[in-house]
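The values are calculated or read from the model by the stated rules, or taken from the named source; none is laboratory data. As the structure is a prediction and not an experimental result, all values here were calculated from the model. So basically every Cβ, Gly included, is an ideal-geometry build from the backbone, and we count neighbours across all protein chains shown. Areas reflect the complete protein model, heavy atoms only, side chains present, ligands, DNA and RNA absent. Shrake-Rupley method; radii C 1.70, N 1.55, O 1.52, S 1.80 Å.
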Amino acid sequence: MSRLEAKKPPLFISEPLAKDTVSQSLSLLSGILKSCYGPAGRLKQLHNGMGGYVCTTSQSSAILSRLSVSHPVLSVLTASVQNHISRFSDCGLFTAILCCSLIENFKSLNVASCTVIKISKHLLSLCMDYLKSEVCGCRVSVDFSSLETLLCLVRSVLTSKPACMLNKPEVDHLTTLILKAFMFTVPCHVETNAVLGKCVIVPVKGRRVVDSTVLPGLLIETPEIQLAKPLAVKRTCSNMIKIALFCVSMSGDLFNPEEGTITVHHGISLEMSELHQLLNVGKQLVNDEVGLVVCQKVIHPSLKQYLKENHVMAVDRAGLSLMEPLSRMTGSKPIASIHSLSPCFYGSLKDVRIESFASKHFVHLIPHDTVVCSLILCNRNETAWDELKRACETAEHVLQLTMKEPLALLGGGCTETHLASYIRHKSCSLSSSSFKDMDCSRTQYQLVADGFCRSLESVACSLNHDGGEILTDMVYGHCWFVPSGFPSVSNWSDLVSKCGCGINSNTENLNWRLLQGQFGSPIIQGCPKDPSVKVADFLTLDCFAAKCSGLQVALETANLILDLSYVIEDQN
């Protein structure tokens, strides 16, 4: 018997944010995430201490899922951001960087945390009301009858992921493909509760990105297929192909001993009995005029041969991930037992073909109505392909969110600086009754508002990784990046041509102020204007739903962490 140790009492840590270790860890995490932000973000390589797979990325979903965080305060922050990413896919770095900046700026104020929380909630409501209003100057309406804005949204997602290693022709090619794939998933016949289809990504590594393509329907990889032989699939009298979809093994395996005990009479072979049952299923499929059998698992070779002799194509090892899109595309119901087969489980297809890409062979299932499509995604190596797959999935999700709420926000740091200008303007015009309702003084409100604005501006500044100056104009409140190597006393109008999002050009007399190092600069007296031009060929745009959620999550998480009085750790 092992020696019993006395149970240790829990460790109580009061005011965790006041501890140097927490501040240092928060600053380190913020620095890592800021260095990844934007199209010029620096890549990170992550792997565990035992070696193994190395992930090269700048995407928040990959970084946060692989980053080991030990302190409870940082765990709250990363878990909150990961939850946002799981729901919206986009704006994870924005959320995390803003949250870190809010904590750092609010913590430095000589204002009680309860007062900071009340004021920051009011500031958040001002931001959300403005972003959802028709007069918002950093919002763009998305017209689904025109492709320009949708292309800008997808292009902005792809160009913000440098580890994909894409050049401009490759970005343009993939942008078109992703939008085309998304259009395939939109139902042609709109019903009351219309549901979008699915885009299945098919990996082809070691090929050029421009070899990527999108096809209607589903591709199932079948290495043993023989391309030379003509494809003969049985059709019904109406010229359609009937399909049966099995989610149970058809390999003739014996019963699992864990399921119970079975009694076998002398002279009876379980293997032959099971094979006999499978062949009976095959006969029924042939009699029911089924032309294609797809099995999630393995089909017995004898059954395969029998089906082939009767012009029924059999495809096995389709995998679990294809069951749902297959069922939806064909209208078939997955059959879970070989002992109960009914024609009501069958679906139908328009056509079946054989496709070949690189060294891979596929069975191409073509439906009557396309709500499911296959994106054959190519990239030069496995690392770049993994990053590109995540980027394509994010772009597809952004389009889905935009269809639900057809709006976009200006990117390139312009929404952040514009919001900061708007909050500075609004905070000067609040009535005395507002301060009374929040139980704070005007000075306290201005301090918190300034910290909030500085946090927004620090996110915009994180886009700059080359040491140049960052400006905001006093008319629109947009973000402008000056190339590195020019002194701070330069004539800014000669050095900048377009703002970060690309909607404003330097064609009028704009007054400038530096963002970096001059956060305490005078407040803009007037409300920032709405740009007159709303459509451009190469706008940088952000997903409206994802960014609004990110803003809320960042502030609410920062408030939660600021409100922590104790951390209690079990030491046993």
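Worth pointing out:
- Subset tally (residues that are surrounded by 15 or more Cβ atoms within 10 Å (Cβ to Cβ) and not hydrophobic (A, V, I, L, M, F, W, C)) for the stretch 51-65: 6
- Assessment of the stretch 319-332 against the conditions (assigned to a loop (DSSP other than H, G, I, E, B), over 28 Å from the mean Cα position of the chain (by Cα) and touching a residue at least 24 places away in the same chain (Cβ under 8 Å)) yields at least one matching residue.
- Among residues of the stretch 290-310 being outside any helix (DSSP H, G or I) and over 30 Å from Phe184 (Cβ atoms), the one that is farthest from the chain's Cα centre (by Cα) is Asn310.
- Out of Leu285, Leu275, Leu270, sole residue that is among the hydrophobic types (A, V, I, L, M, F, W, C) and modelled with pLDDT of 90 or more: Leu285
Condition check ((1) touching a Lys or Arg at 6+ places or on another chain (Cβ under 6 Å); (2) touching a residue at least 60 places away in the same chain (Cβ under 8 Å)) across all residues:
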position	(1), (2)
Ala358	yes, yes
His361	no, yes
Ala395	no, yes
Arg424	no, yes
Cys428	no, yes
Gln446	no, no
Val459	no, yes
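- Residues of the stretch 462-512 satisfying the condition of being among the aliphatic types (A, V, I, L, M), part of a loop (DSSP other than H, G, I, E, B) and surrounded by 12 or more Cβ atoms within 10 Å (Cβ to Cβ): Leu463, Met474, Val475, Val482, Leu495, Val496, Ile503, Leu510
- Residue under evaluation Val363, criteria (1) surrounded by 19 or more Cβ atoms within 10 Å (Cβ to Cβ); (2) assigned to a loop (DSSP other than H, G, I, E, B), criterion not met: (2)
- Some residue of the stretch 380-392 being within 30 Å of Val209 (Cβ to Cβ) and in contact with an Asp or Glu (Cβ under 7 Å, 6 or more places away or on another chain): no
- The number of residues in the stretch 402-446 that are assigned to a loop (DSSP other than H, G, I, E, B) and either among the polar types (S, T, N, Q) or crowded, with 16+ Cβ neighbours inside 10 Å (or both) comes to 8.
- Residue match in the stretch 331-347 (condition: of a type in the set (Val, Ile, Thr) and more than 30 Å from Val210 (Cβ to Cβ)): yes
- Selection status of Leu33, assigned to a strand (DSSP E or B) and under 16 Å from Lys161 (Cβ atoms): no
- Taking the stretch 86-116 as the range and being surrounded by fewer than 24 Cβ atoms within 10 Å (Cβ to Cβ), in a helix (DSSP H, G or I) and not aromatic (Phe, Trp, Tyr) as the test, the residues that pass are Ser86, Arg87, Glu104, Asn105, Lys107, Ser113, Cys114, Thr115.
- Strands (runs of 3 or more DSSP E) wholly inside the stretch 161-249 containing at least 3 residues that are within 30 Å of the chain's Cα centre (by Cα) and among the aliphatic types (A, V, I, L, M): 198-205, 218-221
- Conditions (1) buried (at least 22 other Cβ atoms within 10 Å of the Cβ); (2) assigned by TED's automatic domain parsing to the domain that holds Ser125: number failed by Leu399: (2)
- The residues in the stretch 312-341 that are modelled with pLDDT under 90 and either over 19 Å from Met250 (Cβ atoms) or open to solvent by less than 50 Å² (accessible area, probe 1.4 Å) (or both) can be counted, and the count is 3.
- Only listed residue being out of contact with any Ser or Thr (no Cβ under 6 Å at 6 or more places or on another chain), over 30 Å from Val363 (Cβ atoms), open to solvent by less than 50 Å² (accessible area, probe 1.4 Å) and not small (Gly, Ala, Ser), chosen from Leu179, Leu147, Leu153: Leu153
Let's see how each residue does on (1) open to solvent by less than 30 Å² (accessible area, probe 1.4 Å); (2) over 17 Å from Ser337 (Cβ atoms):
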| position | (1), (2) |
| --- | --- |
| Glu271 | no, yes |
| Glu274 | no, no |
| Leu279 | no, no |
| Gln284 | no, no |
| Asp288 | no, no |
| Val293 | yes, no |
| Lys297 | no, no |
| His300 | no, no |
| Gln305 | no, yes |
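- Considering the stretch 66-80, and only residues there that are among the aliphatic types (A, V, I, L, M), touching a residue at least 12 places away in the same chain (Cβ under 8 Å) and assigned to a helix (DSSP H, G or I), the residue that is surrounded by the most Cβ atoms within 10 Å (Cβ to Cβ) turns out to be Leu77.
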